[in-house]
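Computed from the coordinates by the stated procedures, all read-outs in this text should not be read as laboratory data. Quick caveat: nothing in here was measured; it's all calculated off a predicted structure. Counting neighbours? That spans all protein chains shown, and the Cβs are built from the backbone with ideal geometry, glycine included.
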Amino acid sequence: MRVSLPCGVIDQPAWFPSPSFCRACSSLSNKRLSAMTSSIPKPWAALYKTRRWERRSRLNLKMHKYLCQECLKNGKVEPATLSHHLNEWKPSSSELDFWYGPLTAVCRDCHFKIHGFNQSKEEFVRDIDESGWPCDPLHPVYNSTTAKRERQDG
């Protein structure tokens, strides 16, 4: 007997320990994951896998009534699926910032926009100004609060 996979394909034997994705969806899933990850090590990365974070994230989503706060600002109503730290990680950040820093609830698309994932190359102009910063305010570098602060200071 075969069982249905999460992607809807009936492929795994019933005795298989846990349902996984078909080969096509698995490779797509891996591509999405690699697009979302960076080669820069992040000290907080391991903390996202803890039960404590799961509880905090669920509570945050509940506090925001499971609605994406970014979409609400734009007049749309979308369900929130992720908790996002409002304060970006910096080298001076501590574990206390991770656990007690402010959170917001966002949908997956807004989270990708905040971090600049899956940004099409055609969506922004690559020209730079005399200060060395990109001219186009839609450039992904401006998704970083650090870059915004440096641009204002410089």
**Study point:** Greater than 24 Å apart at Cα, pairs in 42/65; 90/113; 42/76; 49/76
**Key:** 42/65; 42/76; 49/76
Review point. Beyond 20 Å, what share of the Cα-Cα pairs of the stretch 41-115 remains, rounded to the nearest whole percent?
Key: 30
**Study point:** Protection-proxy order for peptides 104-114, 85-95, each taking the mean of Cβ atoms within 10 Å per residue, highest first
**Key:** 104-114, 85-95
Exercise for review: Please give the length that would be gained between residue 63 and residue 81 if that part of the chain were fully extended, namely 0.36 nm times their separation in residues minus their C-alpha to C-alpha distance (nm, one decimal).
Suggested key: 5.2 nm
